[in-house]
Amino acid sequence: MSGIYIHIPFCKQACHYCDFHFSTNKDLIEEMVDAICVELEGRKDFLPQGNPIRTIYFGGGTPSLLSKSHLEKILDTVTKWYPLDLEEVTLEANPDDLSTSNLQNWKALGIDRLSIGIQTFNPEILKFYNRAHTAEESLKAIESAKSTGFEKLSVDLIYGFPSANHDIWKKDLEIALSQNPGHISSYCLTVEPKTALGNWHKKGKYIAASEDFAAEQFEILMHSMEDAGYVQYEISNFGKPGQFALHNTNYWLGVPYLGIGPSAHSFDGKSRGSNIAHNVQYIKKLKTGESIYAKEILSNEDAANDYILTSLRTIWGTDLTYLKDNSGYDLTDLKKDTFKMLRQEKLILEETNKIILTKKGRLLADSIAESLFLP
Ligand code: SF4
């Protein structure tokens, strides 16, 4: 089982908190689509052979900016060069792009899952962070997607906006849940250095939310989702049964994936790497046949630690037998004292061959993972 991620590095405007790779200059879209197709052909042997592609994920940036013919060209290229056994094709979309004609086009192309970047329904916060859509557009987008027949819908929300008190956050959750999407992803706002927010923060013009404030909102999130019947199958991802994201789940469980497009990351099971994060250079290098990919060989320990970090965030937890078979390390023996402490503190469940976080443990997922890392 493998997946392909395709990064579309263009956005209408820059959200003030975002440090993903994108450009607001859309003049290069045509050339970018051609370059992506060249990369798809050139890396057709990257993934372990004999594994059909089960998932395709268009991320960004804003993939919903692409025209039907752009998306068609990319999907045709995937079909031409890769063995397919597709179970899920996801497109990240911003609410203002969910017109009826776009939705119909995406459906006709075989896209069956939309991840809608709503972030908040609060008008002031949307404006302050320079989102390109309104709360009304978000609600209309969900309604249109449903009426076009999209059964797999994910809503993205952000918590930890310092100006959003807990009542505002609860209201966001209430509105999102009233739309009954099959899936909700929710990440905490972080202040990244190379963003407008990072710049304001550095100058003392922006005060980030405290860790306690963000943790309280995370707890509100977990409880609201549980009450509404969603399963927290990954720290930041909640799904109704049958609606878990296959593509992302495979990442977290260590399944190989190929990342196409500027800044995209890849993992072939042994090594990981990333593409150049520069639109002009990416296009130029693919034209001249130069490499756009920097490979990083993982040591046995790095690969094991990557697996611990990602798998621990999931409901399935870290499989100690899998870890031992793949790395040779027996964590039960090596981390005996750490396990004892984590169990005493009720941060992990009493499972024999797996480490699974309790609700309390999910608040400390990254530091628990670090305490289990191999040297
Ligand atoms: S958050 Fe999404 S829409 Fe906003 S700049 Fe980042 S990638 Fe673009």
(Q) Students often get this wrong, so check it: of LYS68/LYS140; LYS44/LYS152; LYS68/LYS152, which have C-alpha atoms separated by over 23 Å? (A) LYS44/LYS152
Q: List the extent of the Cα atoms of the stretch 59-140 along each of their three principal axes, largest first, rounded to whole Å.
A: 46, 21, 21
**Q.** Dipole magnitude (debye, nearest 20) for the chain, charges at Cβ of Lys, Arg, Asp, Glu
**A.** 400
Q. Among all the aspartates and glutamates, which ones have a C-alpha under 16 Å from LYS205's C-alpha, if same-chain residues fewer than 8 places away are not counted?
A. GLU192
**Q.** Of ILE125, MET222, TRP169, farthest towards positive along the dipole that unit charges on Lys, Arg, Asp, Glu beta carbons give the stretch 2-252
**A.** ILE125
Q) So what's the net charge close to GLU211: Lys and Arg +1, Asp and Glu -1, counting the other residues with Cβ under 13 Å from its Cβ? A) -4
Q) Between their Cα atoms, which of LYS26/LYS287; LYS26/LYS194; LYS107/LYS170; LYS270/LYS359; LYS335/LYS360; LYS73/LYS270 are more than 24 Å away from each other? A) LYS107/LYS170; LYS270/LYS359; LYS73/LYS270
(Q) From the C-alpha coordinates alone, can you work out the Kirkwood hydrodynamic radius of the chain, in Å? (A) 21.9
Q. Using +1 on the beta carbon of Lys and Arg, -1 on that of Asp and Glu, and nothing else charged, what's the dipole of the stretch 254-375 about the Cα centre, debye to 20?
A. 420
**Q.** Added length on full extension, which subtracts the Cα-Cα distance from 0.36 nm per residue, ASN326 to ASN165
**A.** 53.4 nm
Q | Per-residue Cβ neighbour rank within 10 angstrom, fewest leading, PHE218, PHE128, PHE20 | A | PHE128, PHE20, PHE218
Q. For the chain, what are the DSSP H helices with axial Cα length of 15 Å or more and mean Kyte-Doolittle hydropathy of at least 0.0?
A. 29-42
Q) Between GLU31 and MET1, how many nm apart are label points set 7 Å from Cα along the C-beta direction? A) 4.0
Q: Please compute the net charge surrounding PRO193, taking Lys and Arg as +1 and Asp and Glu as -1 over other residues with Cβ under 14 Å from its Cβ.
A: +1
(Q) Can you compute the helix-only [θ] at 222 nm over the chain? Use -39500 (n - 2.57) per DSSP H run of at least 4 residues, normalise by all residues, nearest 500 deg cm²/dmol. (A) -12000 deg cm²/dmol
Q: Work out Dmax and Rg for the stretch 300-372 from the C-alpha atoms and quote the Rg first, both in angstrom.
A: 11.0, 30
Q: Please identify which residues in the stretch 166-194 have an amide N closer than 15 Å to a label point set 7 Å out from the Cα of ALA215, following the Cα→Cβ vector.
A: none
Q | Net charge, TRP81 excluded, C-beta distance under 12 Å - Lys, Arg +1, Asp, Glu -1 | A | -1
Q) Which GluC sites (Glu not before Pro) in the stretch 99-173 pass both tests, a DSSP loop state and at most 16 other beta-carbon atoms within 10 Å? A) GLU151
Q: Just subtract the alpha-carbon distance of GLN344 and GLU124 from 0.36 nm times their residue separation and send over the number in nm, one decimal.
A: 74.8 nm
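FYI, it's all coordinate maths here, none of it is from the lab. This is a predicted model, so every value here is computed, not measured. Don't worry about glycine lacking a Cβ; one is built from the backbone with ideal geometry, like all the others, and counts go over all protein chains shown.
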